[in-house]
């Protein structure tokens, strides 16, 4: 058993680094999907395409009446120029696995190999979801629409997290990651000569006022106990040094703990922008994209996830990081459909490259997490495991 275990982990590490060399953006993961499907076929695991570049694989188990579990790995990369210095750095210009989805995919593939080798001993059927387009592409929603959760009783997923010490897990009984949204405000004014502002309606000045007013939503419209963020992240109003422009475009992001708070903040953004525009003699159009809902665990499944993680002696829970984490995840779609849990697992082992945050051009996934996650998934599925050496 231990020989196969080590060979499987070695293959997972090689696969992870191969994926890292060849990142693909959301809904473009054709080469990635082909590599996943080739390996599943070689393992003798039935699979089908799902949501274009996604893949659903199924393991039957010797106990078909047991709880049917699903595990997810996301497969897409980001439009970032890599600067990690790793020998397996991206070979695709302007594309990078800067969030560790290569590691999530490799961990799920290693889990597939281990569970297949012990298929008759599983406590119930297992579905493996290799999901595209997590990074803003609503891949989970499309996987669900294409039947990915058919027959599934519970679902589990995870994300590596460099802000957490290596080997520690966060998996609360409730809210773990916030929902998000984005907004773009196009401000139309009257341009003209910088020396004659009285003849203009300045969209830059209006955009500046909108920025200040929007940043007061959190401090003055919500109670201080409420976890939420409104961030104006860009103002574009290209012009000459002596020219007041015709138009300015302001954009930003929100982070919210629930859909009710998102609805209220979106209404306030609309009101504030239109009222501010009126007071500055300009007009505006507000476009809001709701993006993802909050990722909210189910208590029973979160307890199962923590219990399985703590079964290995050197693994712990992290109680230091503030919750909820303000980042967002489309795993929230799955948790709205079936009971389940999503965990953040610490990647920071002190090595410099493992301390960079996700979405940094210097980031690289910590391959030491592969063994820990495969053990976690296997234990949840009821598969036997070799002795743990840490």
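Quick look at the numbers
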read-out	value
Of 29, 198, 135, the one that fluctuates the most in a GNM where the chain has Cα springs shorter than 10 Å	198
CD proxy at 222 nm, helix term only [per DSSP H run n ≥ 4: -39500 (n - 2.57); per residue of the chain; nearest 500]	-10500 deg cm²/dmol
Prolate/oblate/rounded label for the stretch 117-172 (Cα gyration tensor, a/c 1.5)	oblate
Percent RCO, i.e. relative contact order, over the stretch 179-289, from Cα pairs under 8 Å lying at least 6 residues apart	44
Cα gyration tensor category, rounded, prolate or oblate, for the stretch 179-289 with a/c compared to 1.5	prolate
The stretch 321-350 versus the stretch 127-167: alpha-carbon centroid distance in Å	10
Most mobile of 195, 234, 123 in a GNM of the chain (Cα contacts under 10 Å)	195
The stretch 307-382: C-alpha gyration tensor shape, a/c 1.5 cut-off, then a/b vs b/c	oblate
Distance (nanometres) between label positions extended 7 Å along Cα→Cβ at residue 238 and residue 274	3.1
Mean separation of Cα contacts under 8 Å, 6 or more apart, over the residue count of the chain: relative contact order %	24
Fluctuation leader among 98, 51, 322 - the chain, Gaussian network, Cα springs under 10 angstrom	322
Centroid-to-centroid separation of the stretch 10-65 and the stretch 234-287 [C-alpha atoms, Å]	42
Cβ-based exposure ranking for 388, 292, in which fewest neighbours within 10 Å come first	388, 292
Gap separating the Cα centres of the stretch 174-212 and the stretch 358-390, nearest whole Å	45
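Quick note: the coordinates plus some simple rules give every number you see, no bench work behind them. Everything numeric here is computed off the predicted structure, so don't read it as measured data. Every residue, glycine among them, receives a Cβ derived from its backbone with ideal geometry; neighbour counts consider all protein chains shown.
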